[in-house]
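A.B. asks: A single structure is presented below for examination.
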Amino acid sequence: MDGHVIILGLESSCDETACAITDNGKLLANVISSQIDVHRKYGGVMPEIASRLHLENVGCVINEALNVANVKMEDVTAIAVTRGPGLIGALHVGLQAAKTLSLIYNIPLIPVHHLAGHIYANEFIKPLKFPLLAVVVSGGNTELVYMKDHLNFEIIGETKDDAIGESYDKVARVLGLPYPGGVEIDRLAKTGKHTYKLPTPLHDGSLNFSYSGLKTAVINLVHNLEQKGEKIIIEDMAKSFQDVAVGMVMDRVKKAVKEYKVKEIVLAGGVSANSYLRSEIVEAFKNTDIDVEIPPLWCTTDNAAMIAKVGEYLYKDKVFATLNLGVDPSWRIEDFKKF
Ligand code: KG4
């Protein structure tokens, strides 16, 4: 259609199969098929099952998105697809579907970095304001990303081991809470007290994170208390853990804004749904000239709208891939044009 840039976005990096359609930036459809109920039985995402479910669902979500948007495949200008980071088998499914559509309809194939998607999800609410600090906190990643401008990503701090969401999920599991545990810990911590002493790892003055030691400390403490037959107050354990986990994010964010002059801080990724992190970050910057952008909950979970949004910017820059494109499960955001 003349004058219209219609992007079909596809996302399959973890446990959501999703397709979205944007028309000159306007979101026309945002279809998500979540596998959470299946993975919950196993206490976490089972990669092989995730890939199979993506295979079963990818065609359906594409079809439904086209129907909801009232768009024909012939009208789509380009396909934007998550190329990484994520689960290798899961990523392959989305990429293969995207390549097939690109080949059949002879339209550009745009590889999108999943975390760039999480950051750009905020653009559905308000245009990003540069320079900015993106606080990317998810199940697979924990990074501070400095952006001077659109599509200009510099990682200024990152986890040296586990991601924050991963530690939430593991701690939840040892406390007998269902997957995904982050939301459960968030809920229980609201009525808990910080009574358990836990270590705050990595005091090297850098902007990096470490969550493995904290997670292990909770697991060991829970096992010790169980062996001694002492009752564990789950709400207090949740609160004690969350204070340290979110405290580490807040410490690094406060340090980062001293080093990097930014106009805005944006939260991104699944853990940005955390109510304590949201209130702490708003409180910390409320009397400053730095804006804090808190994404609505629909933007924090994996979706394809955010992939289509980055796709629009990459389309303008003509960042297109050929059909021999492969996935990259550990793709770095700074390398988003290298594939
Ligand atoms: O962004 P996401 O879907 O994962 C990746 O793409 O890597 O985020 C999922 C993560 C899970 O670890 C989940 O437990 C966590 O986000 N999460 C939360 C909350 N809601 C989801 N963690 C803490 N508090 C929450 N309210």
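The values are calculated or read from the model by the stated rules, or taken from the named source; none is laboratory data. Because the structure is a prediction, the values reported are computed rather than measured. Here Cβ is always computed from backbone atoms with ideal geometry, including for glycine, and neighbour counts include all displayed protein chains. In case anyone asks, the SASA skips ligands and DNA or RNA and just uses the protein heavy atoms, side chains included. Shrake-Rupley method; radii C 1.70, N 1.55, O 1.52, S 1.80 Å.
A.B. asks: Restricting attention to segment 164-214, and to residues there that are touching a strand residue (DSSP E or B) at 6+ places or on another chain (Cβ under 6 Å) and more than 15 Å from the ligand (Cβ to nearest atom), which single residue is most open to solvent (accessible area, probe 1.4 Å)?
C.D. replies: Top of the filtered list is ASN208.
A.B. asks: Taking the stated definitions as given, is VAL262 more than 16 Å from the ligand (Cβ to nearest atom), of a type outside the set (Ser, Thr, Tyr), over 30 Å from ASN30 (Cα atoms) and buried (at least 17 other Cβ atoms within 10 Å of the Cβ)?
C.D. replies: So VAL262 passes the test.
A.B. asks: In addition: Assuming LYS309 fulfils every condition listed in (1) under 16 Å from LEU144 (Cα atoms); (2) within 16 Å of the ligand (Cβ to nearest atom); (3) in contact (Cβ under 8 Å) with a residue 40 or more places away in the chain; (4) open to solvent by less than 40 Å² (accessible area, probe 1.4 Å) apart from one, which condition is it?
C.D. replies: (1)
A.B. asks: Which condition breaks for ILE290 when tested against (1) within 16 Å of the ligand (Cβ to nearest atom); (2) assigned by TED's automatic domain parsing to the domain that holds LEU132; (3) β-branched (Val, Ile, Thr)?
C.D. replies: (1)
A.B. asks: Continuing with the same structure: In segment 194-240, which residues are among the acidic types (Asp, Glu), more than 27 Å from the chain's Cα centre (by Cα) and part of a loop (DSSP other than H, G, I, E, B)?
C.D. replies: GLU230
A.B. asks: Moving on to the next point. Pairs only if they're at least six apart or on different chains, beta carbon under 7 angstrom, first in segment 185-209 and free of Cβ contacts under 8 Å to residues at least 24 places away in the same chain, second open to solvent by 70 Å² or more (accessible area, probe 1.4 Å) and away from the ligand (no atom under 16 Å from the Cβ); list them, first residue then second.
C.D. replies: Sorted first by the residue in segment 185-209, then by its partner, the list stays empty.
A.B. asks: In segment 303-311, is there at least one residue being within 23 Å of ARG278 (Cα to Cα), at pLDDT 95 or above and assigned to a loop (DSSP other than H, G, I, E, B)?
C.D. replies: Checked against the condition, which is being within 23 Å of ARG278 (Cα to Cα), at pLDDT 95 or above and assigned to a loop (DSSP other than H, G, I, E, B), segment 303-311 yields at least one hit.
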